[in-house]
Amino acid sequence: MFKNHIKLAYRNLVKNKMLSLINLTGLTLGLACIMTLVFVVYAYYNADGFIEQEEEVYYLKTFTTSGHDYAQTPHPLLAKIKASCPDIVAATHSFGWNVPWLSYKDVEIQEETTNYVEPDFLKVYTLPLKYGDPDTALQNKYDVVLTSTVSEKFFGDTNPVGKTIISNDTLSLKVAGVLEPLSPYSSLRISVLLSTELLADNVAFKEYADWGNTFSGSFLRLRPDTDIQKLEGQILDLAKQNYTDPTQVKTIKLMPYTGFREDMVPIAKIIIKGSIAIIGFVLLIVLVNLLNLNSSVMYDRTKQLAVRKILGSNKISIVQQFCIENGILVFISLISSSILFFLVLLPEVNKNFGGDFGDISLRMPKDYPFILYYVGLGAFIALVVGIIPTLRYISLPIATAIKGKIDAAKNNFIVRNAFITLQFTLAILFICVAIVLNRQIDFMQDAPVGYTQENIVAAKINLAYKNPETAESKFSVILDKLKTNPAVLDFSTTQMVPSTYFRSYTLLVDTETNRELRIRYANTDAHYLKTLDISVPFGRDFKDELSATESNSIIINNKAMKAFGWTNLHNKRLNYKGSSESYKVVGVTEDFHYQDMQNPIEPLVHFYKGKQRLGSNNYLMLKIVPGKEKQVLQELEKDFAQIESRRNFEHELLAVKVNSQYDLLKGILKTVNFVAFFTILISCLGMFGLISLIAKKRVKEIGIRKVLGASIAKILMLLSKDFIVLVVLASCIAIPLGWWVMNNWLQSFAYSISITWWMLALSGLLALLIVSITVGIQSVKAALANPVKSLRTE
């Protein structure tokens, strides 16, 4: 019997080639989109599956009296907590201090995600080791734990435990373990783990790791029955007893580690929740589309159902027949969509989001649950679209069905029209989101930023030089050549450029009023503001000729000036909290957007760090005569090639660098565009199939109308007016909903556009135009048919 069902299903699919092709195309596109988004969500939520009893892991988060919060605490606090609180099973710091170069034989690499941790790190996170013993790894000062990726760069596929690698050409480290591969979506972004004991002799670290500086992440594993509020009270008491200025701390919270990723990268939560919503929308559209088409086909197959019932088929057998028929389509679609997923969509996801979340890949031994989910989804779709339309007609009396006069037709049309309206409501909503998001990105990229971007090049100069003294000497020669080069209008050696400002804050105090301000700080030279054409309306810029005393001079921005309540700079001095050394405020810059426009301009202070030099600066920023960029940069590349370094000389136009801040948003926009395109395409495929079936049913009516003198335009209107009305209705629902969704979302931006009527109207008009073309093509074809042939049709 099953074999007979397969044969009948195959014959029906071949007989209705166009409808089968429409269903197959819509299913393939929809399932490919769903597969991609489901895998992203699956990979995200399973990324930290290696952490046993993750609900017992917490991290410390500081809340200040000034309203700020951050997931760091002073470094000595964790040791005090471990010594005072018995509820703690294990605890560790995890922070980046420096990024050493590691070498083994001829291989030398530097991993940006190098973290300093305590021996308890592997007890807090229960990371699986590929090689080594988690109970002994990191127990010694000179132990190092590598990820499998880093280990393979040094040692290939061999076990490296016990082997020695060299840090910064001087320090010997013993490999104590190799981690199993971690998901790139994991909350842990690590490549190399080093012991915090290595920093015990570091002078800069010892000066900074006191009770007055907040920079260290603290992570704890607690006993299951721990009273969290009581423990938080104990931690706050320790802070009040030991902090340099305990009045700055409102509270210190124990935050569940399950929310750490969203806390560190808030947009990740938006992306994942948005992906889940899109999965639901696309699945709904796919189901609605298939139900519409299958219901219309079932209306024409009632006689076939009646004949089968006369010949002895029961209801279960008929339902099985249609489920198998749809199952074949779904099976072919699963294979086609998988090919589209692997070859096109997954690489596109990694291209758009890989820089922020890491590239993901499907590995069968580990990710088989995802494959089972996907196959299960296909089975669910086949059952839904096979059973629901069949049940509507299977219970009809045989006499009624054999005549083809079905009173349920009107109800069928109502349900069909409701489904079509729902489809296009979702499609128009996606178009609306895409238009508003595109306008917001354009606005942020084109808005005035308060400095010059044109003809400015940012070149990286922190190239890990093998001989720093020689590099400094040769760099001085490069600077002298730049000073005499007529193609170079100005240049600056600086710690940062716009879009790369560190999240480094300090507490400065007005020496007259004792008003305190938490302010972001950065170091620069006397040419930084000139190179970027940043105006200084109050006071002056830094001056190299005053370098002997200029080290005690600072320049703040207008936001900082307002925060201190100043109207002029007369005798204005600031000093660090608790320090007697003060800095003279010599200038105030106009507020400029040193970070992306998703964030507001914050108070900012620049410290003078001497004349142009290599030092600890990260960038050489050049303002070049238009058209001379290639010549200047080629010469610079040759000069830097003469300095031995571990990194290559790289440069980038400042405008490109600034716009790259919005790459993640552009990735979201691409995803929305893809989904909007798929949604419209799937909906239009369904519309195309429906209008074809309707034209087929009304072929004699159309023939009679043409014989009686009806024009092609009138027949076109006859067939398409109902669909046009439904799209207009969908627009009336989707446009207000789109405005509400996007208006709420834009509130998260410090600087945003105002949603205007044309953005919303355009989404409806685009959908209407696409539907009109789709319906029009099939309607014109029906209207142009020979009425003689139409009237002969049985």
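The values are calculated or read from the model by the stated rules, or taken from the named source; none is laboratory data. Everything numeric here is computed off the predicted structure, so don't read it as measured data. No Cβ is skipped: glycine too gets one built from the backbone with ideal geometry, and neighbour counts run over all protein chains shown. These accessible areas exclude ligands, DNA and RNA; they are computed on the full protein's heavy atoms, side chains included. Shrake-Rupley method; radii C 1.70, N 1.55, O 1.52, S 1.80 Å.
One residue stands out in the stretch 9-44 among those that are open to solvent by 50 Å² or more (accessible area, probe 1.4 Å) and among the aliphatic types (A, V, I, L, M): the one that is modelled with the lowest pLDDT, namely V14. The stretch 575-683 holds strands (runs of 3 or more DSSP E) entirely within its bounds, and those carrying 3 or more residues that are not acidic (D, E) map to 582-589, 604-608, 619-624. Close Cβ contacts (under 6 Å, 6 or more residues apart or on different chains) running from residues in the stretch 164-192 that are without any contact (Cβ under 8 Å) to a residue 12 or more places away in the chain and aliphatic (A, V, I, L, M) to residues that are part of a strand (DSSP E or B) and surrounded by 22 or more Cβ atoms within 10 Å (Cβ to Cβ) are absent.
Output the residues belonging to the stretch 500-551 that are among the aliphatic types (A, V, I, L, M) and under 17 Å from Y608 (Cβ atoms).
L508, I519, A522, A526, L529, L532, I534, V536, L546, A548
Each row is one residue, and each column tells you yes or no for (1) surrounded by 14 or more Cβ atoms within 10 Å (Cβ to Cβ); (2) free of Cβ contacts under 8 Å to residues at least 24 places away in the same chain; (3) closer than 23 Å to S66 by Cβ.
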site	(1), (2), (3)
V588	yes, no, yes
F592	yes, no, no
H606	yes, no, yes
K609	yes, no, no
K623	yes, no, no
G627	no, yes, no
K638	no, yes, no
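Could you tell me whether I556 is modelled with pLDDT of 90 or more, among the hydrophobic types (A, V, I, L, M, F, W, C), assigned to a strand (DSSP E or B) and under 30 Å from L746 (Cα atoms)? Judged against the criteria, I556 is a match. Those residues that are among the small types (G, A, S) and more than 15 Å from P603 (Cα to Cα), I need them from the stretch 535-570; list them, please. Scanning the stretch 535-570 gives S535, G539, S547, A548, S551, S553.
If I filter the stretch 137-155 for residues that are on the phi > 0 side of the Ramachandran plot and in contact (Cβ under 8 Å) with a residue 12 or more places away in the chain, do I get at least one hit?
yes
Condition first: among the β-branched types (V, I, T), at pLDDT 70 or above and open to solvent by less than 20 Å² (accessible area, probe 1.4 Å). Can you find one or more residues in the stretch 376-385 that meet it? Yes - at least one qualifying residue is present in the stretch 376-385.
Strands (runs of 3 or more DSSP E) fully within the stretch 424-532 that include at least 1 residues being open to solvent by 30 Å² or more (accessible area, probe 1.4 Å), polar (S, T, N, Q) and closer than 29 Å to Q595 by Cα: 516-524.
Any idea how many residues of the stretch 170-224 are in contact with a Lys or Arg (Cβ under 7 Å, 6 or more places away or on another chain) and among the charged types (D, E, K, R)? Can you show your working first?
Step one: list which residues in the stretch 170-224 are in contact with a Lys or Arg (Cβ under 7 Å, 6 or more places away or on another chain), which gives 175, 178-180, 187, 195, 197-198, 221.
Within this subset, residues satisfying the condition of being among the charged types (D, E, K, R) are 180, 197, 221.
Result for the stretch 170-224: 3.
Taking the condition of being part of a loop (DSSP other than H, G, I, E, B) and either in contact with a strand residue (DSSP E or B) (Cβ under 9 Å, 6 or more places away or on another chain) or buried (at least 21 other Cβ atoms within 10 Å of the Cβ) (or both), how many residues in the stretch 559-574 meet it? Spell out the reasoning first.
Here is the first cut: in the stretch 559-574, the ones part of a loop (DSSP other than H, G, I, E, B) are 565-572.
Keeping just the survivors that are either in contact with a strand residue (DSSP E or B) (Cβ under 9 Å, 6 or more places away or on another chain) or buried (at least 21 other Cβ atoms within 10 Å of the Cβ) (or both) gives 565-566, 568-569, 571-572.
So the answer is 6.
Which ones in the stretch 210-247 are closer than 30 Å to E108 by Cβ and open to solvent by less than 20 Å² (accessible area, probe 1.4 Å)?
S216, G217
Assessment of the stretch 751-758 against the conditions (farther than 19 Å from N673 by Cβ, surrounded by 15 or more Cβ atoms within 10 Å (Cβ to Cβ) and at pLDDT 85 or above) yields at least one matching residue.
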